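These notes are about the structure you will find just below.
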Amino acid sequence: MIIIPAIDIKSGKVVRLFKGDFSQDKIYSDDPVAVAENFYNQGIRRLHIVDLDSACDGKSANSEIIKTISLRFKDIEIQVGGGIRDGRIIEDYLNSGVKYLVISTRAYCQPEWFVSQLEKYDNRLILAVDVENGRLKLRGWKQEFEEDYIQYLTAFKNAGLKTVIYTAISCDGTLTGPDIKNFTHFLNRIKHLDLNVIYSGGISCDNDIKELQRFQNQGLMAVIIGKAIYEGKINLIEYFKLTN
C-alpha cells in the first residue's frame, strides 16, 4: 500500500483545513516547493497536491507553483486536484509533467464531459468521492450532491475509470483516525466495479495505516496523509524502515 503525502495550497502557502472549513486553516509553510523537496528527500515518489483556491472558484490560482514542483521533481508522480473543470487545464497540467488529475465537480454535474475526458486521457484521470454523512459534496465541499453517486461511478467505470479517491470529510484534518465504518460501506457498494481506491481523511498514526491495510484485498491501493505528517505524528523515514 502506497503512502501519498498531501500538499494543500492556499494563497501560495501549505495549509491544512479542519473538515474542509476554509476559515479553519493552519499554515505549515510559505514554500510549497521546499515542502515537496523535503518529501522527495525522504523517498516519497508520489504526491497529492490540491489547489484549494481553485477548488472554490475554479480558477487555477496556484497552478504555477504546482507546475514548478512537477517540473523540478520529475521522479515524483504528482496527482493534482482542486477546481479542474476544463479540458485546457487538464492539458496544461499534463504537459507540465503532472501524472494524474483528480476531477470532482464537473464530472458529476456534466458526466458526458467527464466520459469524453476519460476516453481521451484514460487512467490519467482520477475521480474524487468526497463524502460527508453518506452524501457526496462538490465545489470545495460546499455543495451537496442530491443523487446517488454510485450510479455515476458505474457509468464512469464503463467509460474507462480506474481509480477513485475516497475522502471522509468529517475526519479530514482532525487526527481522529479513519472513518472505517463508512469506508467499509463504500467499498461494499463498489466491490462489483473493481476500482483502485485511495483513502483520505483522519489518519493520525502508524496504527491507523495498519488498520487500513486490511482493505487492500478490496481494492485499497494507497492512503493520503497530511496533517499527521506535518504535526510529527507519522515519521515517513521511520515508517519506511519498518515496512521495508
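A few comments on the model shown:
- Extreme residue, surrounded by the most Cβ atoms within 10 Å (Cβ to Cβ), among residues of region 32-57 that are acidic (Asp, Glu) and in contact with a helix residue (DSSP H, G or I) (Cβ under 9 Å, 6 or more places away or on another chain): Asp51
- Count of region 136-151 residues which are in a helix (DSSP H, G or I) and either buried (at least 20 other Cβ atoms within 10 Å of the Cβ) or not hydrophobic (A, V, I, L, M, F, W, C) (or both): 1
- Of the residues making up region 19-40, those that are modelled with pLDDT under 95 and either in contact with a Leu (Cβ under 8 Å, 6 or more places away or on another chain) or farther than 30 Å from Asn217 by Cα (or both) are Asp21, Phe22, Ser23, Gln24, Asp25.
- The set of residues from region 155-173 being of a type outside the set (Gly, Ala, Ser) and buried (at least 16 other Cβ atoms within 10 Å of the Cβ) comprises Phe156, Lys157, Leu161, Lys162, Thr163, Val164, Ile165, Tyr166, Thr167, Ile169, Cys171, Asp172.
- Arg106 vs. criteria in contact with a helix residue (DSSP H, G or I) (Cβ under 7 Å, 6 or more places away or on another chain), without any contact (Cβ under 8 Å) to a residue 24 or more places away in the chain and not β-branched (Val, Ile, Thr): yes
- Matching residues, region 174-189, being hydrophobic (A, V, I, L, M, F, W, C), surrounded by 21 or more Cβ atoms within 10 Å (Cβ to Cβ) and out of contact with any Phe, Trp or Tyr (no Cβ under 7 Å at 6 or more places or on another chain): none
Matching residues to (1) touching a Leu at 6+ places or on another chain (Cβ under 6 Å); (2) over 17 Å from Leu118 (Cα atoms); (3) modelled with pLDDT under 95; (4) not polar (S, T, N, Q):
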residue	(1), (2), (3), (4)
Glu146	no, yes, yes, yes
Ala155	no, no, no, yes
Gly160	yes, no, no, yes
Tyr166	no, yes, no, yes
Asn182	no, yes, no, no
Phe186	no, yes, no, yes
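- Within region 109-135, being of a type outside the set (Gly, Ala, Ser), touching a Ser or Thr at 6+ places or on another chain (Cβ under 9 Å) and assigned to a strand (DSSP E or B) holds for Leu125, Ile126, Leu127, Val129, Asp130, Val131, Glu132.
- Residues satisfying the criterion are present in region 200-212 (criterion: crowded, with 20+ Cβ neighbours inside 10 Å, hydroxyl-bearing (Ser, Thr, Tyr) and at pLDDT 95 or above).
- Flag for Val223 being within 18 Å of the chain's Cα centre (by Cα) and within 13 Å of Val129 (Cα to Cα): no
- Of the residues making up region 1-32, those that are within 18 Å of the chain's Cα centre (by Cα), under 17 Å from Ser70 (Cα atoms) and either small (Gly, Ala, Ser) or not in a strand (DSSP E or B) (or both) are Ala6, Pro32.
The values are calculated or read from the model by the stated rules, or taken from the named source; none is laboratory data. No experiment lies behind these values; they were computed from the predicted model shown. A quick note on method: Cβ atoms are made from the backbone with ideal geometry, for glycine too, and the neighbour counts reach across all protein chains shown.
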